[in-house]
Amino acid sequence: MRTITHTLVVAGLALAAAAQAQYRQLYDQPLGSHVSTVISCTNPFPMPRAAADDFRFQDNYAVRHFRWWGTVSSIQQLNRVYYIAIYEEGGCRPGKILFQRCLTPQAVAAAVDCTGKVVYRFTASLAAPINVPAGHYWFRVAESDADSVQIGSVDFQWSAARPIKGCDAGWHDAGGWSSPLIDPCDGKKEDLAFCLLG
């Protein structure tokens, strides 16, 4: 009995640690969305800008799935290639890049935003998990313009979340880093909607 109880306690602690380690920042309807586009997977320079938001892991965690919310110019954009990156924390802005990958997500309609656009929930999976130590990081998801429906145009915008957690979300453009993000409808600050999951 004592052994079984001990095993259950250890298993429960492991599950609690896993639940604490994953990061969830869900879309907050009806908040708006923000441009997040890079030139291509091989040249991930913002075009015209690429958004990012910070997150923290309290424990070491193996990430296998990325989830985010956003709007698109047409349904053909839903299952195109998206650029995903994780950065070191660099003083309330993204620092050194730690991970980057282009993935093709699955998407389902989830809500309607304040501008009347359909908000989709995107989920992309890695073939093998990446191990992320406990710490403070930044996450980016962006349309790969070279793989998008309309090359040279904005075909994806990353949807927002509140309340703001940690640092203000922002974006890189040709001039560097800018923050905070301001909602297009109510003019208030906001973060971005995304999850890092096992």
| message | I need the full set of residues from region 61-80 which are farther than 13 Å from S33 by Cβ and either at pLDDT below 95 or part of a strand (DSSP E or B) (or both), in order please. | response | Y61, A62, V63, R64, H65, F66, R67, N79
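Looking only at strands (runs of 3 or more DSSP E) that lie completely in region 98-198, which have at least 3 residues being without any contact (Cβ under 8 Å) to a residue 60 or more places away in the chain?
It comes to 106-112, 118-132.
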| query | Could you say which residue among T5, T104, T37, T115 is more than 18 Å from the chain's Cα centre (by Cα) and either under 20 Å from D183 (Cβ atoms) or modelled with pLDDT of 95 or more (or both)? | reply | T115
| Among L181, L98, which is the only one that is in contact with a His (Cβ under 6 Å, 6 or more places away or on another chain) and either surrounded by fewer than 16 Cβ atoms within 10 Å (Cβ to Cβ) or of a type in the set (A, V, I, L, M, F, W, C) (or both)? | L181
| request: Could you identify the single residue in V132, V119, V112, V149 that is under 18 Å from A51 (Cβ atoms) and hydrophobic (A, V, I, L, M, F, W, C)? | output: V119
| said: I'm trying to understand the selection: among the residues of region 94-119, which are within 23 Å of D28 (Cβ to Cβ) and either touching a helix residue (DSSP H, G or I) at 6+ places or on another chain (Cβ under 8 Å) or not aliphatic (A, V, I, L, M) (or both)? | reply: P94, P105, Q106, D113, C114, T115, G116, K117
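Looking at region 56-72 only, could you name the residues that are of a type in the set (A, V, I, L, M, F, W, C), within 13 Å of the chain's Cα centre (by Cα) and crowded, with 23+ Cβ neighbours inside 10 Å?
If the condition is that a residue be of a type in the set (A, V, I, L, M, F, W, C), within 13 Å of the chain's Cα centre (by Cα) and crowded, with 23+ Cβ neighbours inside 10 Å, then W68, W69 are the ones that fit.
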| query | Given the structure, is G95 closer than 26 Å to S40 by Cβ, of a type outside the set (A, V, I, L, M) and not in a loop (DSSP other than H, G, I, E, B)? | reply | yes
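The values are calculated or read from the model by the stated rules, or taken from the named source; none is laboratory data. Computed from a predicted structure; not experimentally measured. Positions of Cβ are generated from backbone atoms using ideal geometry, with glycine treated the same way; all protein chains shown enter the neighbour counts.
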